1. Give all pairs with beta carbons closer than 9 Å in which a residue from the stretch A:29-40 that is more than 12 Å from every other protein chain (Cβ to nearest Cβ) and closer than 18 Å to A:LEU389 by Cβ meets a residue that is part of a helix (DSSP H, G or I) and of a type in the set (Ser, Thr, Tyr); count only pairs at least 6 apart in sequence or on separate chains.
2. Looking only at the stretch B:73-114, how many residues end up being outside any helix (DSSP H, G or I), more than 7 Å from chain A (Cβ to nearest Cβ) and open to solvent by 30 Å² or more (accessible area, probe 1.4 Å)?
3. State yes or no: is C:GLY86 closer than 17 Å to C:TYR217 by Cβ and of a type in the set (Gly, Ala, Ser)?
4. Being of a type outside the set (A, V, I, L, M), closer than 22 Å to C:VAL175 by Cα and either crowded, with 21+ Cβ neighbours inside 10 Å or within 14 Å of another protein chain (Cβ to nearest Cβ) (or both) is the filter here, so list the residues in the stretch A:233-262 that pass it.
5. Of all residues being open to solvent by less than 30 Å² (accessible area, probe 1.4 Å) and under 22 Å from B:ASP27 (Cα atoms) in the stretch B:50-61, which is farthest from the chain's Cα centre (by Cα)? Just the residue, please.
6. In the stretch A:161-188, which residue that is open to solvent by 60 Å² or more (accessible area, probe 1.4 Å) and outside any loop (DSSP other than H, G, I, E, B) is nearest to the other protein chains (Cβ to nearest Cβ)?
7. Can you name the residue in the stretch B:115-154 that is part of a helix (DSSP H, G or I) and open to solvent by less than 10 Å² (accessible area, probe 1.4 Å) and is also farthest from the other protein chains (Cβ to nearest Cβ) among such residues?
8. State which residue is surrounded by the fewest Cβ atoms within 10 Å (Cβ to Cβ) when the search covers only the stretch C:129-148 and only residues that are away from every other protein chain (no Cβ under 14 Å) and either touching a Gly at 6+ places or on another chain (Cβ under 7 Å) or touching a residue at least 60 places away in the same chain (Cβ under 8 Å) (or both).
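The values are calculated or read from the model by the stated rules, or taken from the named source; none is laboratory data. For clarity, every value in this text was computed on a predicted model and none was experimentally measured. Cβ coordinates were reconstructed from backbone atoms using ideal geometry, including for glycine residues, and neighbour counts include every protein chain displayed. Surface accessibility is based on the protein's heavy atoms, side chains included, excluding ligands, DNA and RNA. Shrake-Rupley method; radii C 1.70, N 1.55, O 1.52, S 1.80 Å.
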Amino acid sequence: MLSHPRDPALLPRLGWTLVLLALLAPTFVYTHFNPALLLQPETLGTLGHFVAGFFPPAHEAGFLLEVARETITTLAVATAGLGMALFLGAPLAFVTTRALDLPMSAEARRHPLARGLRPILRGLMIGLRGVPEIVWALLFVRAVGLGSLPAVLALGLAYGGMLGKVYAEILESQPDGPTRALTAQGAGRIQVFFWGLWPQALPELVSYTVYRWECAIRASAVMGFVGAGGIGQLLDTSIKMMNGSEVSTLLLVFLLLVIGTEAISALARRGLESRYGSGVLAAAVATAIGASLAWLWPAWAAAGADLKALWPFAASFFPPEMGAAIWGDLARGTLETLAISILGTTLAFAGGGLLALPASGRFGMPAKAATRLLLNALRGVPDLLWAALAVLALGLGPAAGVLALALHTTGVLGRLFAETLENAPPLPEQALLAAGAGRAAAFGHGVLPEVIVQWLAYTLYRWENNIRIAAVLGIVGAGGLGQQLYLALSLFQEKTAATVIVAMLLLSWLAEETSRHTRLRLAH
Amino acid sequence: MSLAFHDAGLTLQGKPVLSGLNFRLDDGAQVALIGPSGAGKTSLLMLANTLARPTQGTVEPLGQNPWRLRPGPLAALRARIGTVYQTPPLPARQRVVNAVAAGRLASQSVWGSLLALLRPHDPVGVSEALTRVDLADRIWDRCDRLSGGQRQRVGIARVLYQAPRLMLADEPVSALDPRLAEDTVRLLSADARARGATLMMSLHSVDLALAYFPRIIGLRAGRVAFDLPRAAVTSELIAQLYAGEETAPAPALEPGPSALPRSAQC
Amino acid sequence: MSFAKKTFAAAVMLAAASVALAEEAVLRVSAIPDEAPTELQRKFAPLGSYLEKELGMKVQFVPVTDYAAVVTALTSDKIDMAWLGGFTYVQAKERGKVVPLVQREEDTKFTSKYIGSVAAGINSLKDLKGKSFAFGSASSTSGHLMPRYFLQKQNIKPETYFKNVAYSGAHDATVAWVASGKVEGGALNASVWDKLVEAGKVDATKVKVIGTTPTFYDYNWTVRGSLDAKLQKKITAAFLKLDPKNPEHQQILELQRATRFVGTKPENYKGIEAAAREAGLLK
């Protein structure tokens, strides 16, 4: 008899599987997530009743007028917010990017003040984008009052930090020949930027900005959940009052808005390539920002928002609450947030993987088109909106958060996974098929090994994102740290709120580090 | 003195790229730099144009040590050094007129140069420079609409427009066909001679080097193998210089999984 | 710093705008959003025009969707008068100078109802152990503070006693949630409950009352402390003048769910304040 030497990879694999299971099992307990609940007759009854109320969509003139007004506000908030983000992010990127750090003599080194400034600005940007925009909105609602101004400020700050970082990265990723050549000729930093980097980086900068604008519109549409205006506010009320027909009208409008902005952004990207495209685009952006401010201004003036109140408000957060009483709540919220994000992302990995098969065209064109549509719909509805809807299905609490994350992330991952499948070399699979392997076997041995590392990497990246979202889902009643933040702010316990925010930032930082290390391991 | 290397060397990531370089170029000198690929020709030129800092010894272009200068004088020094790069350093989408005008950026104020992005500065001068490389008709075109050879010539036009005291050229004709290559070498050489500027050019083609340059520096494995007048360069020397051309293949990097596309981040 | 500049520019423009506002005499009024915004507007409309007539000035209703924001707006003088709950009044008093003027007679002996889901077989608070429970807004007196306070008196700490504690945001939402089975139990303002029952908006086969709290002082109309004293008197007088026998007044009172208005004073809310401190909602 032949004695088989043991597979050296067996034990580690078994170990990792056990670790994963050990991580996953408690998440079900912590989040009370029970998929069977979705199929219970009561749940189905509630949902069915609610969805039946969708038809016909509400269409009274008064309501439609209000929807139209709030839709314009949503657009204006997104545009004005992005305008503010541009003012904030562009200079930050210019100062912090390494793309303009070219050889300098010892004496010509930058002033120590300027050198010290840079890490400070980088830290500032991390802080700005580390706090989710909805949390910024919640804070500004308290600081400067309700309405669209807090939403604009929130978008401006959060996206300012994001634009600053990504612009800097885009500049750094450009070929450095032109900038080095100009430096060698004695051009200054500003000259090198405009003559060497700007022309080649422009399309990518514009394309990213336009993409951010799409994001801003989705974000601005849910700002209403914290009282910051726009159609989100109408949605919040309608969902809370379980008014199905209003919800369906609003969802339709929201969908149209998303499709419309995608069309506009595609147009903008194309326009850039035409001869006078840049000029037209610049003029259009300036007009859009001006029009947005003009639309929003009367409400701001009437609300008498005063930005001076910001400083005492900000001061009231210090020092963060460190008393013993808070730690229990905080630990519970943190664990819940962690569990929501892990379970939601895992379910999305499974869902995305399954949907990616038809979405990559493996089951014919009709299936591909249908799955793509489904994935786009899942992705198009923001997580916070999914959460508000999931609360209807699963009741309040973390289970709704899990469902919301799983749905939205399935849309995101499904599309990415499908693209990976389409880009995978076809030969290994074909060879297996030619050798007589079945379709499943050929996929498992010919394609999966090719894509799985990339799939896991995408999932980990997305998890970093999801942990931030899980931390805010509580704002619409879906558990986690968000609920504690909302409560603390409602009760004017700013110092407690500060501690919760710090906990959110720490958690998201930990997630990023864990994800980075795991990805590095995966790559080897 | 136009360019002097004193025991200069360059070590990158612990590996010596250049070492023990000692030579000087007088005003108006014209020198060709030859040697097998990987010998360090490009690095040597980058030491000369102040983009790289020597890790040993000193390099003094136009009689000054750039690494001891304050920002103002450094920019002024750099304005007098012009470089033709092997890959022309032209941003995609920039128009030819600006790509060439960029040669004199250092002499403009920041605001003037920003304004020039909208309304090009000195199109007449630019067009003269372009005429010399036979591209005057493409002045208003975008650089990314030009062929590789045309972009190479735009890069040359920029240096002609800059009219530097020290002209460095890193295989400036690698993308040009043989006839055009010869014309271009002749053009650069004549331009330098007419202005009394110093020219140092690395060339892949030994024939071109011997035909147009009175002095030849042979570089091998980061060291000067010979530095002789044209007449003294024998075919044995050339054969030794290129003997057993070493190829050190860079280790192929296994690409890790790619990051989340930016369009999947919100 | 572009932000500093923008802040400055905005501040200048806002200052200009507030000067413009101050020129025409407007009484800016708001209310805590304990019911749907549309409902609040409907309730306020006739009262608003009555006050305009009585005070001889424009009365403007500023809709606000967040309890805490009403408190902030009042204490930072962005609105002149607000309809506050007992707890929000205490919060406002803690943060600035405010004067409570009047309240409904009913507010002097207010109660909250505990409700439960019929389908889940909830008949008492005991049945709710380990189930999910909804308060209204976290800042609500009758939807959160007092129900919580009286639960604690019975040694029930909501966070550990229930499986989940959630905040629906408004009283009518709490009923909708229990009726739909989103949560198994909840607490709300007795007056809103009665209104919903009268209007036939409560399905008795789905939701039932399982308990009522002892009485406490609740809602009042409060003005900012810096409001002209004469105007304060006029407002009080206008409210007290509302007479149920006058048909026009009758309509206003009915919408406010008041038999009549009576004067109120800060001392009435000492009990609420103590309860809030005991429940840990006020520090």
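1. Qualifying pairs under 9 Å: A:PHE33/A:THR27.
2. 5
3. Spelling it out, C:GLY86 is indeed closer than 17 Å to C:TYR217 by Cβ and of a type in the set (Gly, Ala, Ser).
4. A:GLN233, A:ASP236, A:THR237, A:SER238, A:LYS240, A:ASN243, A:GLY244, A:GLU246
5. First, pick out the residues of the stretch B:50-61 that are open to solvent by less than 30 Å² (accessible area, probe 1.4 Å): B:50-52, B:54, B:59, B:61.
Of the ones still in play, those that are also under 22 Å from B:ASP27 (Cα atoms) are B:50-51, B:59, B:61.
Values: B:THR50: 11, B:LEU51: 11, B:VAL59: 16, B:PRO61: 14 Å.
So the residue we want is B:VAL59.
6. A:ARG180
7. Taking the stretch B:115-154 as the starting set, the residues that turn out to be part of a helix (DSSP H, G or I) are B:115-118, B:123-132, B:136-138, B:143-145, B:148-154.
With open to solvent by less than 10 Å² (accessible area, probe 1.4 Å) added as a condition, the list becomes B:116, B:126, B:129-130, B:143, B:152, B:154.
On the way: B:ALA116: 9, B:VAL126: 14, B:ALA129: 14, B:LEU130: 17, B:CYS143: 8, B:GLN152: 12, B:VAL154: 12 Å.
Among those that are part of a helix (DSSP H, G or I) and open to solvent by less than 10 Å² (accessible area, probe 1.4 Å), it is B:LEU130.
8. Taking the stretch C:129-148 and keeping what is away from every other protein chain (no Cβ under 14 Å), we get C:129, C:142, C:146-147.
Add one more test, that the residue is either touching a Gly at 6+ places or on another chain (Cβ under 7 Å) or touching a residue at least 60 places away in the same chain (Cβ under 8 Å) (or both), and what stays is C:142, C:146-147.
Working: C:SER142: 29, C:MET146: 30, C:PRO147: 27.
Looking at residues that are away from every other protein chain (no Cβ under 14 Å) and either touching a Gly at 6+ places or on another chain (Cβ under 7 Å) or touching a residue at least 60 places away in the same chain (Cβ under 8 Å) (or both), I get C:PRO147.
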